[in-house]
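Taking it in order: structure first as structure tokens, then the write-up.
Values quoted throughout were computed directly from the atomic coordinates according to the rules given, and no laboratory measurement underlies them. A quick note: this is a predicted structure, and the numbers were derived from the prediction, not measured. Note that each Cβ is placed from the backbone with ideal geometry, even for glycine, and that neighbours are counted across all protein chains shown.
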Amino acid sequence: MLPWIYMSPNDKVRVRFAPSPTGHIHLGNVRTALFNWLFARKHGGTFILRIEDTDLERSEARYETQLIEDLKWLGLDWDEGPDVGGPFPPYRQSDKMDVYKGYAERLIKERKAYYCFCTAEELERDRQQAMAEQRQPNYSGKCRNIDPAEAERRRAAGEPAAIRLQIPERPIRFHDIVRGDVEFSNEVVSDPIIVRSSGMPTYNYVVVIDDADMKITHVIRGDDHISNTPKQVAVYEALGLPVPEFAHLSTILGPDRERLSKRHGATSVASFRDMGVLPEALMNYLALLGWAPSGGDREIFSKDELIKEFDLDRVNAAPAVFDFTKLYWINRHYIKQSPPERIHQMGTEALQRAGLLPASVNGNVSGWTNGLIDLLAPYVDQLDQLPEKAKIIFNHDAAAALALPENAELFASDKTKAVMQAFAKHAVNESPLTPERFKAIMDEIKAETGAKGKDLFHPVRIMLIGSHSGPDFNKLIPLIEDGSKLELPTHVKSVHERVTEFIATQKN
RNA sequence: GGCGCUAUCGUCUAGGGGUUAGGACGUGAGAUUCUCAAUCUUAAAACCCGGGUUCGAUUCCCGGUAGCGCUACCA
């Protein structure tokens, strides 16, 4: 029996994130990338990006580009990878096929692996039968004892053969930082195929070679790999390679407690970016999924604070439900504490995308836009909600406001009508209306009609923005008046226009 | 079916053989504001079930249940 060689804990930390470029990067994977990155940075180690594209059918170059862009956006960087190189290339599996082949031949020669001539149909039949008899469906071991010379003859004769790794007759155990010692019976592992009859190596085999070649010390990945780990440990041992530490991260679930997927809405990094979620907010939230600082009473962490506080031994093994609401709360926090210029910039882009602003914003328009964003930003937790909120400025629709059922009760009141009439009378002659004049007018109306509080302000607000709730008049009125003088794709109606239109519509 | 992992408020979690079981999101109430949002204060809200060990178990052990994962010549 081969002695197990473990990584010395003193070895410099080397970790990797190894995605398949088969689609947009998903939240669960990003969290895995983040934990790898945090662990590396925490311990002054190396973070490696490796592209697992052995599935040539589904892998696409554009996804690799996208993935790199997404990780960078989040704020991650890597020390070795397909785009930056490194001492252990290649960082793309598709460039390494001959290496895998060499190791497989060595295992055959050392009789740690053998050719298997069983057909897929045969295997499937055995499996079905085992299931029917309520047994563990594992490989029968039929080809294990075929004489190597005989196997060679059959292969030479053109019979297709896969290569199986011979699993030792003892339990396979490994250490997991998140879960402690894990043990699997060799019965369960059975002899896994490491090279298909097509000659293509399988994942559980290549991943070991890659990790060993790259001198990975800690394999941090999703817990969907935990049942594969004993197979991989067997490969390390057969090859006489040091076994790394493992850390299997729990699954991220959707609100229905099922694995988070597209069904649950936005789940790719790109979609959060497009929604106007700030990268530091996403990073902060993701770090809190399955990890908490000692004490557990802090929620907001900058990148540097995360690096300082994070460690794998505090990672929670239980699956976590992704809470969009909490992410948005964190995002609002970061929006509020961002430098205004940044939010102005991002908000302007969101309004441009919605077609509310011209492609190039400068001078008066720029100043006005910043004011608009300052007014509306407290109302949103994602920046892409700004155009919707900006409707109160851009889409004045008297008819719609009058038709709104929630306003009906108000319109029925004589007091309301009086206030509206009075406001129309005063405001029509004011152009532009200033906050000071507005206040004076409201005081006069109060005296004339006897209305005060909600009775006084609600009707006026409805005339101006169609709703009885909204931002402060002192900020709202200048924004409307200034906006009405700008050349914009959608004209902003002045107070005068809004009021006359409202009265006219009401009369009809 | 088999194997594995997991189990503290609705959600993310802290804690741990004796605690008023702590924090955060969300929810309710109050304050503030013309209103809404924001903000502040405040309240309600949890140790999956059953055995065992123990003077004492939510915490340790065993079993059950449930959720999730794996069970491929996918990754």
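Under 13 Å from the Cβ of A:T22, count the other residues' Cβ atoms, weight Lys and Arg +1, Asp and Glu -1, and hand me the total.
Charge balance near A:T22 sits at -4.
Around A:R332, with a cut-off of 12 angstrom between Cβ atoms, what is the net charge of the other residues, counting Lys and Arg +1 and Asp and Glu -1?
Its environment carries a net charge of +1.
List the relative contact order of the stretch A:390-508 as a percent without decimals, with contacts defined as Cα pairs under 8 Å and 6+ residues apart.
Relative contact order, the stretch A:390-508: 38 percent.
Between the stretch A:55-123 and the stretch A:304-369, what's the alpha-carbon centroid distance in Å?
Spelled out, the Cα-based centre of one part sits 35 Å from the other.
Defining a contact as two alpha carbons under 8 Å apart and six or more residues distant in sequence, what relative contact order in percent does chain A show?
Relative contact order for chain A comes out at 13 percent.
Mean residue ellipticity at 222 nm from the helices of chain A, using -39,500 (n - 2.57) per DSSP H segment of n ≥ 4 over the full residue count, to the nearest 500 deg cm²/dmol?
Helix contribution divided over all residues of chain A: -14500 deg cm²/dmol.
Specify the angular offset, from 0 to 90 degrees and rounded to the nearest 10, of the alpha carbon long axis of helix A:340-353 from the longest principal axis of the alpha carbons in chain A.
90 degrees
With a/c under 1.5 counting as rounded, go ahead and sort the stretch A:390-508 into rounded, prolate or oblate using the C-alpha gyration tensor (a ≥ b ≥ c being the square roots of the eigenvalues; past the cut-off, prolate if a/b is larger than b/c, else oblate).
The shape class here is oblate.
Quick one: P(r) of the stretch A:338-389 from all Cα-Cα pairs, 10 Å bins, percents rounded to integers, in order of increasing distance.
Per 10 Å bin, starting at 0, the Cα pair percentages come out as 27, 63, 10.
So if I place +1 on the C-beta of Lys and Arg and -1 on the C-beta of Asp and Glu, and nothing else carries charge, what would the dipole magnitude of chain A be about its Cα centre? I want it in debye, nearest 20.
Dipole about the Cα centre, nearest 20: 240 debye.
Go ahead and run the numbers for FRET between A:I146 and A:D95, Cβ-Cβ distance against an R0 of 35 Å, rounding to 0.05.
Working from the Cβ atoms, E equals 0.60.
At what distance in nm do the modelled label points of A:R196 and A:E60 sit from each other, each positioned 7 Å from its Cα along Cα→Cβ?
Each label point lies 7 Å from its Cα, and together they span 2.1 nm.
Where a ≥ b ≥ c are the square roots of the eigenvalues of the C-alpha gyration tensor, would you call chain A rounded, which needs a/c under 1.5, or, failing that, prolate if a/b is larger than b/c, or oblate?
It comes out prolate by the Cα gyration axes.
Within the stretch A:241-337, report the trypsin sites (Lys or Arg not before Pro) that DSSP leaves as loop and that have at most 10 other Cβ atoms within 10 Å.
A:R257
Please compute the contact order of the stretch A:219-261 in relative form: average sequence separation of alpha-carbon pairs under 8 Å and at least six residues apart, divided by the residue count, as a percent.
Over the stretch A:219-261, the number comes to 47 percent.
To the nearest whole percent, what portion of all C-alpha pairs in the stretch A:289-346 is separated by more than 13 angstrom?
71 percent
By how many degrees, between 0 and 90 and to the nearest 10, does the Cα long axis of helix A:495-507 differ from the longest principal axis of chain A?
80 degrees
Mind checking the full-extension length gain between A:E409 and A:R353? Use 0.36 nm per residue of separation minus the Cα-Cα distance, one decimal, nm.
Here the segment from A:E409 to A:R353 would lengthen by 16.4 nm.
What residues from the stretch A:449-476 fall in the zone where the backbone N is under 20 Å from a label point 7 Å along the Cα-to-C-beta line of A:N364?
What the label zone holds, given the 20 Å backbone N cut-off, is A:475-476.
With unit charges on the beta carbons (Lys and Arg positive, Asp and Glu negative) and the dipole taken about the Cα centre of the stretch A:390-508, which residue among A:L404, A:V492, A:L479 sits farthest to the positive side?
My answer, from the dipole projection, is A:L404.
Run the numbers for A:H175 and A:N316: contour at 0.36 nm per residue of separation, minus the present Cα-Cα distance, in nm.
Stretched out fully, the A:H175 to A:N316 stretch lengthens by 49.2 nm.
Can you pull the one-decimal nm distance between simple spin-label points at A:S467 and A:A266, each 7 Å off the Cα toward Cβ?
According to this spin-label approximation, the distance is 1.9 nm.
Tell me, for chain A, which Cys residues have no other cysteine's C-beta sitting closer than 4.7 Å.
Cys with no partner Cβ under 4.7 Å: A:C118.
Rounded to the nearest 5, what % of DSSP beta bridges with both residues in chain A are antiparallel?
50 percent
Tell me the label-point distance for the pair A:S302, A:Q128, using the 7 Å Cα-to-Cβ offset, in nm and rounded to one decimal.
6.3 nm
Over 19 Å between Cα atoms, which of A:K262/A:K303; A:K417/A:K446; A:K336/A:K389; A:K12/A:K42; A:K389/A:K452; A:K391/A:K485 qualify?
A:K262/A:K303; A:K389/A:K452
What is the local net charge at A:P293, summed over the other residues whose Cβ is closer than 12 Å to its Cβ (Lys, Arg +1; Asp, Glu -1)?
Computed value for this residue: -2.
What full-extension length gain, to one decimal in nm, is calculated for A:K454 and A:L241 as 0.36 nm per residue of separation minus the Cα-Cα distance?
Length gained between A:K454 and A:L241: 69.0 nm.
Tell me the angle of helix A:120-132 to the major Cα principal axis of chain A, expressed in degrees between 0 and 90 and rounded to the nearest ten.
80 degrees
Neighbour counts of other C-beta atoms within 10 Å: give me A:D223, A:D210 arranged from fewest to most.
Ordered by Cβ neighbours within 10 Å, fewest first: A:D223, A:D210.
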